[in-house]
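Input: a single structure, listed below in structure tokens.
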Amino acid sequence: FRCQVTGPPELESAGVMFGSFTLILAGVASPRMGNPRATPPTTDEAFAVDAREFVSTRLLHRELDMTVYGTDKAGVCAVGTVHHPRGNIAVELLKAGLARVSDWSARMMPPSDVPAFRIAENNAKRANFGVWHSYEAPQISGASQISGLCVEALTGDTINILPD
């Protein structure tokens, strides 16, 4: 990406007008492209090419407005949202089944934006689109109401139960 730098006056006064950076779309993780130059070479994950083409046809060679929320843990890539005239590209990836919700980057987003991501992913799961082509909802078997005695608290979110 090549972007025009606007914002803090100290950047503009330093003569920084253009720069390029890698942007990770906040809230989603799409299948990874393979690397034929790696040792050993890696192959594309299922639907990786489809996801790349989906984004390329909608964003490549276009002027974009973005909101940057932060960086990845290495501080190398920016994490943010692309504001496309037709909506959030990340939500559209989820609707098409070409990505999964990424909790680590979704935590950077405004909380009001996250429900649309969950709804889009759940709809793709139900329709068995893309990466969810073989998804089957978990089936609860047996009783869903159980009575018992808590015999040990293992952690803050895990307990041992002795059924009645």
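The values are calculated or read from the model by the stated rules, or taken from the named source; none is laboratory data. Predicted, not measured: the structure shown is a model, and the values here were computed from it. All Cβ positions, glycine included, derive from the backbone under ideal geometry; neighbour counts span all protein chains shown. Accessible surface areas use protein heavy atoms only, side chains included; no ligands, DNA or RNA. Shrake-Rupley method; radii C 1.70, N 1.55, O 1.52, S 1.80 Å.
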Selected residue (criterion: farthest from Gly27 (Cα to Cα)) from residues of the range 127-161 that are assigned to a helix (DSSP H, G or I) and either among the hydrophobic types (A, V, I, L, M, F, W, C) or more than 28 Å from the chain's Cα centre (by Cα) (or both): Ala127
Scope the range 133-155; condition at pLDDT below 85 and open to solvent by 90 Å² or more (accessible area, probe 1.4 Å); matching residues: Pro138, Gln139, Ile140, Ser141, Ser144, Gln145, Ile146
Test result for Gly130, modelled with pLDDT under 95 and either in contact with a Lys or Arg (Cβ under 8 Å, 6 or more places away or on another chain) or open to solvent by less than 80 Å² (accessible area, probe 1.4 Å) (or both): no
